[in-house]
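Here is the structure we will look at, set down as structure tokens.
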């Protein structure tokens, strides 16, 4: 009877211990899951705001342009006429005058005016007649304010604004934009594979960065851990950004590794507990039973030591398996670190996309001006240099040789000298040794841009870029003899550079330098970064300190 009670107590104790370890593992599972979801939602919220701003600017510009054209006197007069020849004659005059309304930033590839008889005139673009007839059908028969049509293997997103003569509808102004423009904008944030973006209108999906239908979208939004929906003004477009619940797959892979480890730990604790029972409880009790037996010459009954010998052997086997499981633990740690590195790469990618984005738009405006002045050869040269510079900036490799970086700076300076003639001279002090020195790509261009934009607003001057190398570090200097900074401005800038890693509000002034400082610290470490010296009316010097890294 006593042996039975001992066994029952032992089994109950083992059950309680096992239950505690299982509950501890479940708690760890759900805590980890919640932490991963919170991190995912935090990244999604930050990125969704950037996506919404970018798409909203495009769509509002499109809608505002359509509205302005539909109220243009020349287009109202053109749409009111029923004579075909008069319609086209007035269209030629309107096309020249409407260019100032369309402007440089309108994303539409085609601008078309329809009258109520189905006549149409292309103010801008070369879309096919078939596609325009299809667009007119959608406007008249299906009353679609926003629609899609295809022409020459290209799909266009169209939006219209009705042309009114008093209270009478005279026709439509239709703006058509290539859908690929939106797709490129949405895909530029593809680093977060669990983030989806969808543009809808009239209950239909117009554009998306993922292959998803309207029915599927409703289900996805219900199951997503985060989504944000934004109606774009009065344009009729609706933008949805959602974060899919991608935690389950990642967590499943993670716990495929941790579950065997948890089992090993459970077995180890149980084995230690069994050994304790054998020595301090089971063994002494059996000795008492033997000593109180009337037949003391009788062989000893089965002892606690014999009873648990097989468990002791199992403990020894478990200890050996722990060494094998250590490798699994190490692999799990590597996976977690790789996830953290991926998060850093995403941030770096976003920072790189920030640097010099407005430069492309300003350069294209300069090209447009050159074309209007008839300087086509100069415009072609600028286009070629801009194309080369964009390919260089968006290449896949994070690191590039210092020599190639200086070459890219010369291309950039050439473009800026076209935009700001006789404002500045530019020089790079090259060395063949720079071919073997590797630095982060497109690191110096924003610094040079700062010198040009801030240093030579009221004077002409020169920008010089040079580099020196010692045994451990590379020091790159961007020096100008421009207007410089006041002492208070310099002190404020240095403080912002110092605090940039803390996520403080750095404001807009010289934001490029803050981004570069953050990028250098993230990639190279806290001991590297920017050092700024400046004196009012004497210029500014920015020194970049990087670790020496060779091919």
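The values are calculated or read from the model by the stated rules, or taken from the named source; none is laboratory data. Predicted model, so just to flag it, every value in this text is computed and none were measured. Every residue, glycine as well, gets a Cβ built from its backbone with ideal geometry; the counts of neighbours run over all protein chains shown.
When you scan the range 113-134, do you find a residue that is closer than 30 Å to residue 222 by Cα and in contact with a helix residue (DSSP H, G or I) (Cβ under 7 Å, 6 or more places away or on another chain), even just one? Break it down into steps so the answer makes sense when it comes.
First, pick out the residues of the range 113-134 that are closer than 30 Å to residue 222 by Cα: none.
No, there is no match, as no residue in the range 113-134 is closer than 30 Å to residue 222 by Cα and in contact with a helix residue (DSSP H, G or I) (Cβ under 7 Å, 6 or more places away or on another chain).
So that you can scan it fast, the table gives a plain yes or no per residue for (1) modelled with pLDDT of 90 or more; (2) part of a helix (DSSP H, G or I):
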position: 475; (1), (2): yes, no
position: 478; (1), (2): yes, no
position: 508; (1), (2): no, no
position: 522; (1), (2): no, yes
position: 534; (1), (2): yes, no
position: 540; (1), (2): yes, no
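Which residues, counting only those in the range 89-103, are closer than 30 Å to residue 360 by Cα and either surrounded by 20 or more Cβ atoms within 10 Å (Cβ to Cβ) or more than 41 Å from the chain's Cα centre (by Cα) (or both)? Let's see the steps before the verdict.
First pass over the range 89-103, keeping only residues closer than 30 Å to residue 360 by Cα: 94-103.
Result: 94, 98.
Does residue 150 fit the bill of being within 23 Å of residue 208 (Cβ to Cβ) and free of Cβ contacts under 8 Å to residues at least 40 places away in the same chain? Yes: the conditions hold for residue 150. Residue pairs whose Cβ atoms lie under 6 Å apart, separated by 6 or more positions or on different chains, with the first residue in the range 520-541 and in the same structural domain as residue 457 (by TED's automatic domain parsing) and the second assigned to a strand (DSSP E or B) and modelled with pLDDT under 90, are 523/440.
Return the residue satisfying two criteria in turn: it lies in the range 63-85 and is free of Cβ contacts under 8 Å to residues at least 60 places away in the same chain and part of a helix (DSSP H, G or I), and of such residues it is surrounded by the most Cβ atoms within 10 Å (Cβ to Cβ). Selected residue: 78. The number of residues in the range 497-506 that are modelled with pLDDT of 80 or more and surrounded by 14 or more Cβ atoms within 10 Å (Cβ to Cβ) comes to 2. Among the residues examined, residue 377 does not qualify as at pLDDT below 80 and out of contact with any helix residue (DSSP H, G or I) (no Cβ under 7 Å at 6 or more places or on another chain).
I'd like to check something: does the range 128-139 contain any residue that is closer than 30 Å to residue 50 by Cβ and in contact (Cβ under 8 Å) with a residue 40 or more places away in the chain? So that I can check it myself, show each step before the final result.
Start the filter on the range 128-139 by keeping residues that are closer than 30 Å to residue 50 by Cβ, which leaves none.
For the range 128-139, residues closer than 30 Å to residue 50 by Cβ and in contact (Cβ under 8 Å) with a residue 40 or more places away in the chain: absent.
Yes/no per residue for (1) in contact (Cβ under 8 Å) with a residue 40 or more places away in the chain; (2) surrounded by 19 or more Cβ atoms within 10 Å (Cβ to Cβ); (3) on the phi > 0 side of the Ramachandran plot:
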site	(1), (2), (3)
374	no, no, yes
383	no, no, no
392	yes, no, no
406	yes, yes, no
433	no, no, no
442	yes, yes, yes
452	no, yes, no
462	no, no, no
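Okay, residues lined up against (1) under 30 Å from the mean Cα position of the chain (by Cα); (2) surrounded by fewer than 16 Cβ atoms within 10 Å (Cβ to Cβ); (3) part of a strand (DSSP E or B); (4) not assigned by TED's automatic domain parsing to the domain that holds residue 52:
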position	(1), (2), (3), (4)
105	yes, yes, no, no
121	no, no, yes, no
126	no, yes, no, no
148	yes, no, yes, no
159	yes, no, yes, no
169	no, yes, yes, no
198	yes, no, yes, no
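Of all residues assigned to the range 475-482, none qualifies as being exposed (fewer than 13 other Cβ atoms within 10 Å of the Cβ) and farther than 25 Å from residue 390 by Cα.
Annotation note: Cβ proximity below 6 Å between a residue of the range 24-40 that is closer than 17 Å to residue 261 by Cβ and a residue that is surrounded by 11 or more Cβ atoms within 10 Å (Cβ to Cβ) (sequence gap 6+ or interchain) occurs for 25/262.
State yes or no: is residue 138 crowded, with 20+ Cβ neighbours inside 10 Å, within 23 Å of residue 207 (Cβ to Cβ) and out of contact with any helix residue (DSSP H, G or I) (no Cβ under 8 Å at 6 or more places or on another chain)?
Values: crowded, with 20+ Cβ neighbours inside 10 Å: no; within 23 Å of residue 207 (Cβ to Cβ): yes; out of contact with any helix residue (DSSP H, G or I) (no Cβ under 8 Å at 6 or more places or on another chain): yes.
So residue 138 fails the test.
Do the conditions hold for residue 60, that is, is it within 34 Å of the chain's Cα centre (by Cα) and touching a residue at least 60 places away in the same chain (Cβ under 8 Å)? Yes: the conditions hold for residue 60.
Looking only at residues in the range 216-252 that are at pLDDT below 75 and more than 23 Å from the chain's Cα centre (by Cα), the one that is nearest to residue 63 (Cα to Cα) is 235.
Here are some residues: 401, 387, 466. Which one is without any contact (Cβ under 8 Å) to a residue 60 or more places away in the chain and either under 16 Å from residue 541 (Cα atoms) or surrounded by 14 or more Cβ atoms within 10 Å (Cβ to Cβ) (or both)?
Details: 401 fails: without any contact (Cβ under 8 Å) to a residue 60 or more places away in the chain; 387 fails: either under 16 Å from residue 541 (Cα atoms) or surrounded by 14 or more Cβ atoms within 10 Å (Cβ to Cβ) (or both).
Of the residues listed, the single one that is without any contact (Cβ under 8 Å) to a residue 60 or more places away in the chain and either under 16 Å from residue 541 (Cα atoms) or surrounded by 14 or more Cβ atoms within 10 Å (Cβ to Cβ) (or both) is 466.
For the range 385-408, which residues satisfy the criterion of being in contact with a helix residue (DSSP H, G or I) (Cβ under 6 Å, 6 or more places away or on another chain), within 16 Å of residue 437 (Cα to Cα) and not in a strand (DSSP E or B)? Across the range 385-408, the qualifying residues are 402, 403, 408.
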